[in-house]
Each structure stands twice: as structure tokens, then as C-alpha cells.
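Engineer: Quick one: structure below, then a few questions.
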Amino acid sequence: MIRAGVWAVSVALISLPGGCGGGNSAPAPPEDGGNAKPEFRGFDAMTALGLLKKQTDFGPRPPKSAAHGQLKAYLVETLGQWATVTQQDFEQQVNGVTYPLTNLLGVIPAATRSSKTAKRSRAGKRLMLAAHWDTRLVADQDPDPNRRGEPILGANDGASGVAVLLEVARILSKDKPNVEVVIALFDGEDFGDYLYGSTYFSKHMGDFKPDQAILIDMIGDADLHVQHETNSMNAAPQLFNTVVNAAKELGFEDHFDGREIGIWDDHLPLIRKGIPAIDLIDFDYGPVNSYWHTHEDTVDKCSAESLRVIGETLLRVVYGM
Ligand SMILES: [Zn+2]
């Protein structure tokens with residue numbers, strides 16, 4: 001993600017408590033001991049973690065890099081197994097350089113049901129589940145000034161959201177929900193301070209225009225605490241409450257700690273177009289968010305369990321519609 005929203009920058013950056021773990025704890029395998037819960041709707045957390053690692057194996061993935069192109073091809077192929085994928089290509093001028101960017105839009109149709117069983121009031125609804133797939137060109141928050149010009153790996157900020165959505169897409173494609181789902185993988189989110197992909201999409205939505213949208217970003221943190229994002233709560237309070245309640249029903253309330261924060265992220269261009277959109281984000285990555293936009297954003301700071309929390313919560317929400 002880019003940064004805290006303009007109206008809450010100082011509050012957000014100062015008020016977040018430090019001491020969050022997030023350290024080098026290994027991913028917790030879901031099969032550990034007798035406490036392992038059955039995975040809701042078959043969300044496979046280790047598969048999701050593997051999808052996260054697969055992305056980081058390409059290296060940093062900023063626009064115009066070879067790895068960016070390689071990942072795009074991988075995502076088209078992978079998401080294409082479970083959804084009908086459309087590539088939304090566009091060019092973006094940044095400091096006199098032209099960057100080709102691509103939003104990937106994967107459509108999973110709603111279940112076809114008889115008119116007797118169809119929920120008429122919900123028929124025809126389209127839900128967007130979104131994340132950004134690009135990674136940041138520079139590690140501008142890194143403590144080492146000599147490495148701030150290098151691109152970050154983006155295990156959490158980039159790969160985590162995409163990993164969850166790919167695993168969710170796999171499940172939705174096998175067991176269709178009552179609503180059409182569009183998996184949106186936005187490009188150019190972490191490229192400078194602009195939301196290029198989601199902004200472009202918001203101006204060219206066409207038949208992909210969602211009735212509501214859930215964005216996920218930076219949700220792989222092994223010490224996962226999703227904040228209550230204020231733009232989301234203002235724009236779509238009902239949807240936000242539905243998500244939080246779904247998390248509680250699954251026993252994940254400890255991961256939604258109620259702290260409020262305003263975040264500048266890909267949900268804002270959708271909100272500006274009148275779409276109820278929310279952002280699930282943990283903007284407290286490492287002690288005092290010290291891994292954010294640094295070279296500490298690596299796979300070992302993420303966990304399968306955190307991906308499971310978000311993946312299962314999303315599935316509960318989607319299947320409840
Ligand atoms: Zn970012």
C-alpha cells in the first residue's frame with residue numbers, strides 16, 4: 001500500500017503502538033497439533049503461502065522490470081484456471097517515462113439456480129475482490145540510505161493479497177456463490193504516490209463495474225491485526241460490519257482489533273465513483289510498522305495462518321451473499 005490517508009497521516013503514524021511481533025516466526029502449518037481447525041470452505045493456507053512465495057521468487061516486481069512481465073504472465077495463466085481473465089492494458093507517464101501497466105480482471109460467474117431457489121434481491125449483484133500485484137520501485141523507508149533506491153521484495157505489500165485472492169478464486173470456481181465475483185489485480189498501486197491501476201479502472205469499468213468491493217493489502221503479516229479503516233467505514237459501513245462479523249464468527253476477532261486508521265489505497269478511486277468499497281489492511285507491519293516499504297518485507301515476516309484468516313473471512317462473506 002502507499003501511505004496513510006492525507007487526513008490521518010500524523011495520527012496513523014504516531015498512534016500505532018510498537019512492539020508488534022511480526023519477527024522471524026516461521027509460518028504455522030495448519031496441521032499443527034490437535035488445535036488445528038478444519039479449513040473453512042477448503043481454503044488451503046499452505047497453498048496460499050506457496051502462491052505468495054511463488055511471486056517473491058520472481059524477485060522485486062515493479063512496473064517495467066522483467067520480473068513484472070514474468071509475474072503478469074504467471075498470474076494470467078494461474079487466475080485463468082479459475083476465472084475468465086481480461087487484461088486491461090494502459091500506459092502511464094511518470095517523470096517523462098512511459099510505463100505499460102496491466103490490471104487483471106478475473107470473472108467467476110454466480111451459480112445458476114432455479115428461480116425458486118434464487119435469492120431474487122441479490123440476483124445480478126457483482127462483488128469485486130481486489131489486491132495490487134505490483135511491488136514498490138524503491139525502499140524509501142529502509143533504515144539503510146544506501147539501499148533506499150532499490151526495489152522491495154513485497155512479500156506482504158503486494159504478494160500477500162494476490163496469494164489470498166488466487167486461492168479464493170480456486171474455491172469459488174468449484175463452488176459457485178450467489179453473486180458474480182470479479183477478482184481484480186491492480187497494477188501500479190505502489191508506483192510513486194498514485195493509485196494508477198485502480199484509478200484507470202475506475203474510469204473504464206464497463207461491464208466490470210462492481211456493486212461493492214473488498215480490497216485486501218498487507219494482510220500477510222505474521223502478527224496480523226487488521227485496523228478499522230475509516231474511509232471504508234464511512235463509505236461502506238454495512239459491508240465493513242459484515243466482514244468484521246464474519247471474522248468474529250470464524251473466531252478471528254483477535255485479528256480485527258478495532259483501532260482506527262485512514263489509509264490511501266486502491267479502494268479510494270472506487271469510493272469516488274460511488275461504489276461501496278472497503279480496505280482490509282494491517283498497517284502495522286513489524287515494530288512500529290518498520291518493515292513497510294523496506295527490505296524487511298520478506299516471506300519470513302508473513303504466515304500461512306494470516307492468509308487463512310483473510311481468505312476464510314472473505315469466503316464467509318461471499319457465500320453469505
Ligand atoms: Zn506499499
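The values are calculated or read from the model by the stated rules, or taken from the named source; none is laboratory data. If you're wondering where the values come from, they're calculated on a predicted model, not measured in any experiment. A quick note on method: Cβ atoms are made from the backbone with ideal geometry, for glycine too, and the neighbour counts reach across all protein chains shown. Please note that ligands, DNA and RNA were not included when accessible areas were found on the heavy atoms of the full protein model with its side chains. Shrake-Rupley method; radii C 1.70, N 1.55, O 1.52, S 1.80 Å.
Engineer: Principal axes first, then extents: for the Cα atoms of region 210-282, list largest minus smallest coordinate on each axis, whole Å, largest first.
Structural biologist: In descending order, the Cα extents are 33, 22, 19 Å.
Engineer: Alpha carbons only, please: Rg and Dmax for region 169-246, in angstrom.
Structural biologist: When restricted to Cα atoms, region 169-246 yields Rg and Dmax of 14.5, 39 Å.
Engineer: Continuing with this model, one more query. Taking just the alpha carbons, could you work out the radius of gyration and Dmax for region 195-321, both in angstroms?
Structural biologist: Every Cα atom of region 195-321 included, Rg and Dmax give 14.6, 42 Å.
Engineer: What does the charge count near T86 come to, summing +1 for each Lys or Arg and -1 for each Asp or Glu among other residues with Cβ under 15 Å from its Cβ? Let's see the in-between values first.
Structural biologist: On the way: positive: K72, R126, K209; negative: E77, D89, E180, D187, D207.
Charge balance in the 15 Å sphere: -2.
Engineer: Can you tell me the length gained on complete extension of the stretch V76 to K176, counting 0.36 nm per residue apart and subtracting the Cα distance? Before the final figure, lay out the partial values.
Structural biologist: Details: separation 100, 0.36 × 100 = 36.00 nm, distance 2.05 nm.
Full-extension gain reported as 33.9 nm.
Engineer: Also: Give me the Å³ per residue figure for the convex hull around the C-alpha atoms of region 104-227.
Structural biologist: Numbers: hull volume 15.7 nm³, N = 124.
Once divided by residue count, the hull of region 104-227 is 127 Å³.
Engineer: Using the structure shown, list the pairs from K176/K273; K125/K273; K176/K301 with a Cα-Cα distance above 25 Å, or answer none.
Structural biologist: Numbers: K176/K273 28 Å; K125/K273 17 Å; K176/K301 33 Å.
Going by Cα-Cα distance, K176/K273; K176/K301 fall outside the 25 Å limit.
Engineer: Along the principal axes of its C-alpha atoms, what lengths does region 159-211 span, in descending order and rounded to whole Å?
Structural biologist: 38, 27, 11
Engineer: Turning to a different aspect of this structure: Counting only other residues whose beta carbon sits under 9 Å from that of W133, what net charge do I get with K and R as +1, D and E as -1?
Structural biologist: -1
Engineer: Tell me, what % of the accessible area of region 201-275 is carbon and sulfur with a 1.4 angstrom probe? Intermediate results must be reported in sequence, preceding the final value.
Structural biologist: Working: 1280 of 2940 Å².
C and S fraction of accessible area: 44 percent.
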